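K.L.:
Please see the structure below; I have some questions.
The values are calculated or read from the model by the stated rules, or taken from the named source; none is laboratory data. Just so we're clear, the structure is a prediction, and the values are computed from it rather than from any experiment. All Cβ positions, even for glycine, are placed from backbone atoms using ideal geometry, and neighbour counts span all protein chains on display.
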Amino acid sequence: MKAIITNSLPFVFASILFAGPVPADDAKIEDALARDSGSDWTFSVTLRHADTGWDDYADGWRVVTQDGTVLGTRTLFHPHVDEQPFTRSLSGVEIPEATARVFIEARTNADGWGEAQLAVDLPE
C-alpha cells in the first residue's frame with residue numbers, strides 16, 4: 001500500500017479563510033426575583049455574559065408566559081464588560097390572573113434571544 005502525501009497547507013488556509021463566524025455564547029440567566037408591587041410586578045434579573053464590547057454584549061431580557069406571551073422587556077443599552085454578573089430590574093409588569101409561573105429569557109446583540117429560560121414561580 002502506498003501512502004499519498006500531499007501538501008495540505010493550502011487546504012488549511014482556505015478552511016480558515018472561508019470559515020463562518022464563530023457564534024458567541026448566549027447570556028446566562030443566573031437568578032431572578034419577582035416582587036408583587038400591588039397592581040403589577042417588579043423583576044430583578046441577574047445575567048452573566050462574556051461581553052466583549054459593543055460587538056457582543058447582553059442587551060436585554062424579558063418576562064414571558066408558558067405560551068410565549070411577552071409581558072415585559074428590559075433593554076440593556078451598553079456592554080457590561082467589567083461588571084459580571086450584573087443585575088437589572090424592570091417594574092410595571094402586569095401578570096395575567098391565575099398565572100403562577102413566568103419565564104425569563106435573555107438576549108445578546110450578536111445572537112438574539114437565547115434558547116434557555118429560567119422559570120420564576122410567583123409568590124401568592
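K.L.:
Looking only at the range 83-103, which residues are over 13 Å from Arg48 (Cβ atoms) and either in contact (Cβ under 8 Å) with a residue 60 or more places away in the chain or not small (Gly, Ala, Ser) (or both)?
P.N.:
Answer for the range 83-103, where residues must be over 13 Å from Arg48 (Cβ atoms) and either in contact (Cβ under 8 Å) with a residue 60 or more places away in the chain or not small (Gly, Ala, Ser) (or both): Leu90, Val93, Glu94, Ile95, Pro96, Glu97, Thr99, Arg101, Val102, Phe103.
K.L.:
Do the conditions hold for Arg88, that is, is it within 21 Å of Asp26 (Cα to Cα) and of a type in the set (Lys, Arg)?
P.N.:
Yes, satisfied.
K.L.:
Okay, moving on. Looking at (1) of a type in the set (Phe, Trp, Tyr); (2) in a strand (DSSP E or B); (3) without any contact (Cβ under 8 Å) to a residue 40 or more places away in the chain, which one does Phe77 not meet, given that it meets all the others?
P.N.:
Among (1) of a type in the set (Phe, Trp, Tyr); (2) in a strand (DSSP E or B); (3) without any contact (Cβ under 8 Å) to a residue 40 or more places away in the chain, the lone unmet condition for Phe77 is (2).
K.L.:
Do any strands (runs of 3 or more DSSP E) lying entirely in the range 84-124 carry at least 3 residues that are polar (S, T, N, Q), and which ones are they?
P.N.:
86-93
K.L.:
Looking only at the range 32-48, count every residue that is within 13 Å of Thr87 (Cβ to Cβ) and crowded, with 20+ Cβ neighbours inside 10 Å and tell me the total.
P.N.:
3
K.L.:
Here is a list: Asp67, Asp25. Which entry is touching a residue at least 24 places away in the same chain (Cβ under 8 Å) and assigned to a loop (DSSP other than H, G, I, E, B)?
P.N.:
Asp25
K.L.:
To continue, here is another question. Any chance the range 50-58 includes a residue that's under 11 Å from the mean Cα position of the chain (by Cα), under 18 Å from Asp121 (Cα atoms), free of Cβ contacts under 8 Å to residues at least 60 places away in the same chain and surrounded by 14 or more Cβ atoms within 10 Å (Cβ to Cβ)?
P.N.:
no
K.L.:
Among Asp26, Asp55, Asp36, which is the only one that is closer than 25 Å to Ile95 by Cα and modelled with pLDDT of 85 or more?
P.N.:
It is Asp36.
K.L.:
Sort out which residues of the range 78-124 are loosely packed, with under 15 Cβ neighbours inside 10 Å and either touching a Ser or Thr at 6+ places or on another chain (Cβ under 9 Å) or basic (Lys, Arg) (or both), and write them in order of number.
P.N.:
Val81, Thr87, Ser89, Ser91, Gly92, Glu94, Pro96, Thr99, Arg101, Leu122 - these are the residues of the range 78-124 that are loosely packed, with under 15 Cβ neighbours inside 10 Å and either touching a Ser or Thr at 6+ places or on another chain (Cβ under 9 Å) or basic (Lys, Arg) (or both).
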